[in-house]
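Everything below concerns the one structure shown next.
The values are calculated or read from the model by the stated rules, or taken from the named source; none is laboratory data. All values reported here derive from a predicted model rather than from experimental measurement. Positions of Cβ are generated from backbone atoms using ideal geometry, with glycine treated the same way; all protein chains shown enter the neighbour counts.
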Amino acid sequence: MSRVGFLGLGLMGQRMARRVLQAGHCLTVWDLEPDRAIALVGEGAKAATDPAAAVEGVEFAISMLADRAALEQVVLGPRGAASTLGPGAILLEMSTVGPDAAAHLGSQLPAGVTLIDAPVLGSLPEAAEGRLVIMVGALPADFDRVVPLLTSMGSPHRVGGPGAGASMKLGVNLSLGGVIAALGEALALATALGVERDIALDILAGSPWGGLLRNRRAMVESGNFPPQLRLGLAVKDLGLIRDAAAGVGVRTPIATEALSWLEAAESTYGPDVDFAAVVAEILRDSAAGAHPESEG
């Protein structure tokens, strides 16, 4: 078993940290909101007062944070994790920040500290049950070192060298954004053409791409969107995808249109609801007979 420091105890981070603890690792946790650590401390974890204390002397540090700004503050800022990580330690960066941010962070770490990008596919149930798909960018020897720890949270897959995990996550999130927007448009069109909403939901939920809708059908029907994937994070992720694609000359009109819908939904419902609120936004827009302006 290893000494592990876990940075970031949001909706996903709390569940992932619990899996690490349940696997028997010696776990120290930190979050900007100390109350988030209470339950884990009750289960045997230790709480640290700052990121530096959380990762001092650990073999592995894990970061699961909202965005690049938060990541760089927690790792590189005053009393950040980089100030106490020692030679031989590995920082597992599991947030969604894109390959440029991962590369920059890795270049700023102390000599002898290795960054591995390992973002995840899955939501709250998968995190709680240790069923996340983990996309790892690492050299083979480094990947072998982290597999036992990552297996406590899900199924690790080495998708290439450093940066490949962060890159693959952008591809995955492009598909998620595109599918949820397409499902919303399909539901709006079917109902506008006279199909009853319940029947349209039945058919769409049974389609090959309907798993996403099945998991969130109750939200769509009730109009309540308790967050599994926060809408604000989905907007952030699609923005990362837009910028990354522009940087390498890849056209992504589907992602651009999905981002337009997500931004419209965020304007209506705020950033803290589940991203399935975009379906409600598309239905609302359809009823009003207007479309949000696309950047493309």
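One table, with the values for the structure above:
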| read-out | value |
| --- | --- |
| Residue count, region 20-29 (criterion: closer than 30 Å to Leu240 by Cα and in a helix (DSSP H, G or I)) | 1 |
| Region 135-194, residues that are under 25 Å from Val279 (Cα atoms) and of a type in the set (Gly, Ala, Ser) | Gly171, Ser175, Gly177, Gly178, Ala181, Ala182, Gly184, Ala186, Ala188, Ala190, Ala192, Gly194 |
| Residue among Val220, Val195 that alone is assigned by TED's automatic domain parsing to the domain that holds Gly171 and either in contact with an Asp or Glu (Cβ under 9 Å, 6 or more places away or on another chain) or buried (at least 16 other Cβ atoms within 10 Å of the Cβ) (or both) | Val220 |
| Per-region count, region 30-66, residues at pLDDT 95 or above, under 20 Å from Pro99 (Cα atoms) and in a loop (DSSP other than H, G, I, E, B) | 2 |
| Members of region 1-19 found to be surrounded by 24 or more Cβ atoms within 10 Å (Cβ to Cβ), outside any helix (DSSP H, G or I) and within 15 Å of the chain's Cα centre (by Cα), listed by number | Leu7, Gly8, Leu9 |
| Test: residue in region 29-48 that is crowded, with 21+ Cβ neighbours inside 10 Å and not hydrophobic (A, V, I, L, M, F, W, C) | yes |
| Residue in region 114-126 that is at pLDDT 95 or above, outside any strand (DSSP E or B) and more than 23 Å from Leu231 (Cα to Cα) present | no |
| Output for region 72-118, where each listed residue is surrounded by fewer than 17 Cβ atoms within 10 Å (Cβ to Cβ), under 16 Å from Gly160 (Cα atoms) and not aliphatic (A, V, I, L, M) | Asp100 |
| In region 237-253, residue nearest to Met12 (Cα to Cα) [restricted to those that are under 20 Å from the mean Cα position of the chain (by Cα) and surrounded by fewer than 21 Cβ atoms within 10 Å (Cβ to Cβ)] | Gly239 |
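Listed here are the residues, each with its yes/no results for (1) within 20 Å of Gly86 (Cβ to Cβ); (2) in contact with a Leu (Cβ under 7 Å, 6 or more places away or on another chain).
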{"position": "Arg3", "(1), (2)": "yes, no"}
{"position": "Val29", "(1), (2)": "yes, yes"}
{"position": "Ile38", "(1), (2)": "no, no"}
{"position": "Pro51", "(1), (2)": "yes, yes"}
{"position": "Glu59", "(1), (2)": "yes, no"}
{"position": "Ile62", "(1), (2)": "yes, yes"}
{"position": "Ala69", "(1), (2)": "no, no"}
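To keep it simple, each residue is scored yes or no on (1) assigned to a loop (DSSP other than H, G, I, E, B); (2) outside the structural domain of Leu121 (by TED's automatic domain parsing); (3) among the aromatic types (Phe, Trp, Tyr); (4) in contact with a His (Cβ under 9 Å, 6 or more places away or on another chain).
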| site | (1), (2), (3), (4) |
| --- | --- |
| Pro208 | yes, yes, no, no |
| Arg214 | no, yes, no, no |
| Ala234 | no, yes, no, no |
| Leu238 | no, yes, no, no |
| Ile254 | no, yes, no, no |
| Ser260 | no, yes, no, yes |
| Glu263 | no, yes, no, no |
